[in-house]
1. Restrict the check to the range 45-56 and report whether at least one residue is more than 17 Å from residue 31 (Cα to Cα) and assigned to a helix (DSSP H, G or I).
2. Looking at 83, 106 in this structure, which one is closer than 23 Å to residue 160 by Cα, out of contact with any strand residue (DSSP E or B) (no Cβ under 8 Å at 6 or more places or on another chain) and surrounded by fewer than 13 Cβ atoms within 10 Å (Cβ to Cβ)?
3. Let me spell it out: the conditions are (1) within 23 Å of residue 191 (Cα to Cα); (2) in contact with a helix residue (DSSP H, G or I) (Cβ under 7 Å, 6 or more places away or on another chain), and residue 123 meets all of them except one. Which number is the exception?
4. Based on this model, can you work out whether residue 169 counts as in a helix (DSSP H, G or I) and more than 19 Å from residue 14 (Cβ to Cβ)?
5. Given (1) under 22 Å from residue 16 (Cβ atoms); (2) without any contact (Cβ under 8 Å) to a residue 40 or more places away in the chain; (3) assigned to a loop (DSSP other than H, G, I, E, B), identify the lone condition not met by residue 87.
6. Going by the conditions given, is residue 28 surrounded by fewer than 16 Cβ atoms within 10 Å (Cβ to Cβ) and either in contact with a strand residue (DSSP E or B) (Cβ under 8 Å, 6 or more places away or on another chain) or under 30 Å from residue 246 (Cα atoms) (or both)?
7. From 59, 5, which residue is at pLDDT below 95 and more than 22 Å from the chain's Cα centre (by Cα)?
């Protein structure tokens, strides 16, 4: 790292969202196919289990269920409320849990082209890197095996801190871990879902939007109107350098 160059930077940290930002956004069709595979492993009826799976998420709004098996068992409990079913074996629950875990871990490995190179460049330039994500426990369990963990070893996941975006505390938690006291010295790069930019902007962060095709995707809101858009991670150094230039005007 070039210390004199690092010390001249206005921004001290760059924090990323996860899903839809540095990895591909979840596809509804793929998610439902995985849920069908879980249902089949348990030998249950598809539509009834789909409703039960949704109810089981509502028990753990931060994605903080104690284990993947616990989420599956919770869904079975809600399924049972719709009528008596034959006992489900431990092997079936383990199989269903593994199907879920493999899907989420695999999704988090769908890293956008240029992301790892962007991370490397940012570290070489002296920026601290962080991550804030609303996600379930599977992501946290699989993180150490993810190539991005080499660059961001201690992200802030909602399932671990029991705080969700847009709560400002989840951003402040990550800034504290990075030892950045002033949010204005931080760039936040995300797809703008869950009203996250409202909070990031209110804290004083510089926000950058990442977009994608909206067909067949899990998303709660339209893309917000943001001035700065990152269209490709190959342009990441150029964009960060431009943000630095604006601050020096």
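The values are calculated or read from the model by the stated rules, or taken from the named source; none is laboratory data. These numbers come from a predicted model, not from an experiment. Cβ sites come from the backbone with ideal geometry, for glycine too, and all protein chains shown count toward neighbours.
1. No.
2. Details: 83 fails: closer than 23 Å to residue 160 by Cα.
After applying the criteria, what remains is 106.
3. It fails just one condition, (2).
4. Numbers: in a helix (DSSP H, G or I): yes; more than 19 Å from residue 14 (Cβ to Cβ): yes.
For residue 169, the condition - in a helix (DSSP H, G or I) and more than 19 Å from residue 14 (Cβ to Cβ) - is met.
5. Here residue 87 meets the rest and fails (1).
6. Numbers: surrounded by fewer than 16 Cβ atoms within 10 Å (Cβ to Cβ): yes; either in contact with a strand residue (DSSP E or B) (Cβ under 8 Å, 6 or more places away or on another chain) or under 30 Å from residue 246 (Cα atoms) (or both): yes.
So residue 28 passes the test.
7. Values: 59 fails: more than 22 Å from the chain's Cα centre (by Cα).
Exactly one residue qualifies, and that residue is 5.
One line per residue, one yes/no per condition, for (1) at pLDDT below 95; (2) crowded, with 17+ Cβ neighbours inside 10 Å; (3) farther than 29 Å from residue 37 by Cβ; (4) not assigned by TED's automatic domain parsing to the domain that holds residue 191:
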| site | (1), (2), (3), (4) |
| --- | --- |
| 78 | yes, yes, no, yes |
| 90 | no, no, no, yes |
| 125 | no, yes, yes, no |
| 131 | no, yes, no, no |
